[in-house]
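Asker: Before we start, here is the structure in question, set down as structure tokens.
The values are calculated or read from the model by the stated rules, or taken from the named source; none is laboratory data. Here the structure is a predicted model, which is why all the values come from computation and not from measurement. Neighbour counts are summed over all protein chains in view; Cβ atoms, including those assigned to glycine, are modelled from backbone coordinates with ideal geometry.
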Amino acid sequence: MISGIGTDIVETSRIARAIEKEQGFRELVFSNDEIAYCESKTNKYEHYAARFAAKEAFFKAIGTGWKAGTAFHEVEIGNNENGKPEIILRGETARTVGDIRILVSLSHIKDLAVAMVIVNP
């Protein structure tokens, strides 16, 4: 049973500007593992943008949007052993949201990134 679905699209240049201009933006939004992953890529801002879109889509899918007790950097977008993206909840965010099954799909090109998230109880 699907309890929520969310989607988001973001301009890669918007995320690149925020990372380059806003002190602490990257660390506020992304986990250390996400930063290491994105920084290792040739087109790193596309990867940052896709992860940002996934976080936004996740908060839409749970039906509350961003709320107290959750943090963007605790919604981590990783990859399983086959390279498939997955969302891992950490810290207070994991405790606040509870035990749910999360499916995520990411896509990006030079200018845009999109993500879709489905949650099941």
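Asker: Name the residue that is farthest from A54 (Cα to Cα), counting only residues in the range 1-14 that are assigned to a helix (DSSP H, G or I) and in contact (Cβ under 8 Å) with a residue 60 or more places away in the chain.
Answerer: Once the filter is applied, the top-ranked residue is S13.
Asker: So, one more: Please go through (1) in contact with a helix residue (DSSP H, G or I) (Cβ under 6 Å, 6 or more places away or on another chain); (2) farther than 21 Å from E86 by Cβ for C38 and return the number of the only condition it doesn't satisfy.
Answerer: For C38, the failing item is (2).
Asker: Among (1) under 17 Å from V119 (Cβ atoms); (2) modelled with pLDDT of 95 or more; (3) over 13 Å from the mean Cα position of the chain (by Cα); (4) polar (S, T, N, Q), which single condition is T7 missing?
Answerer: So the condition that T7 fails would be (3).
Asker: Taking the residues in the range 38-75 that are farther than 17 Å from R95 by Cα and without any contact (Cβ under 8 Å) to a residue 24 or more places away in the chain as candidates, determine which candidate is surrounded by the most Cβ atoms within 10 Å (Cβ to Cβ).
Answerer: C38
Asker: Mind listing just one residue for me: the one in the range 15-27 that is assigned to a helix (DSSP H, G or I) and not hydrophobic (A, V, I, L, M, F, W, C) and, of those, farthest from the chain's Cα centre (by Cα)?
Answerer: Looking at the filtered set, the residue picked out is K21.
Asker: Can you tell me which residues in the range 76-107 are crowded, with 19+ Cβ neighbours inside 10 Å, over 14 Å from G6 (Cα atoms) and at pLDDT 95 or above?
Answerer: Within the range 76-107, E76, I77, L89 qualify.
Asker: Hey, does the range 77-93 have a residue that's in contact (Cβ under 8 Å) with a residue 60 or more places away in the chain and in contact with a strand residue (DSSP E or B) (Cβ under 6 Å, 6 or more places away or on another chain)?
Answerer: To start, the set of residues in the range 77-93 that are in contact (Cβ under 8 Å) with a residue 60 or more places away in the chain comprises none.
Checked the range 77-93: no residue is in contact (Cβ under 8 Å) with a residue 60 or more places away in the chain and in contact with a strand residue (DSSP E or B) (Cβ under 6 Å, 6 or more places away or on another chain).
Asker: Can you report the number of residues in the range 21-67 which are closer than 23 Å to I109 by Cα, out of contact with any Gly (no Cβ under 7 Å at 6 or more places or on another chain) and not charged (D, E, K, R)?
Answerer: 19
Asker: Of all residues in the range 50-107 being among the basic types (K, R) and out of contact with any helix residue (DSSP H, G or I) (no Cβ under 6 Å at 6 or more places or on another chain), which is farthest from R26 (Cα to Cα)? Break it down stepwise before answering.
Answerer: Initial filter on the range 50-107 (among the basic types (K, R)): 51, 55, 60, 67, 84, 90, 95, 101.
When the remaining residues are screened for being out of contact with any helix residue (DSSP H, G or I) (no Cβ under 6 Å at 6 or more places or on another chain), the result is 60, 67, 84, 95, 101.
Details: K60: 21, K67: 19, K84: 23, R95: 23, R101: 26 Å.
Only one residue fits best here, namely R101.
Asker: I need the full set of residues from the range 16-36 which are of a type in the set (A, V, I, L, M) and at positive phi, in order please. Show your work before the answer.
Answerer: Keep residues of the range 16-36 that are of a type in the set (A, V, I, L, M), which gives 16, 18-19, 28-29, 35-36.
Those that are of a type in the set (A, V, I, L, M) and at positive phi: none in the range 16-36.
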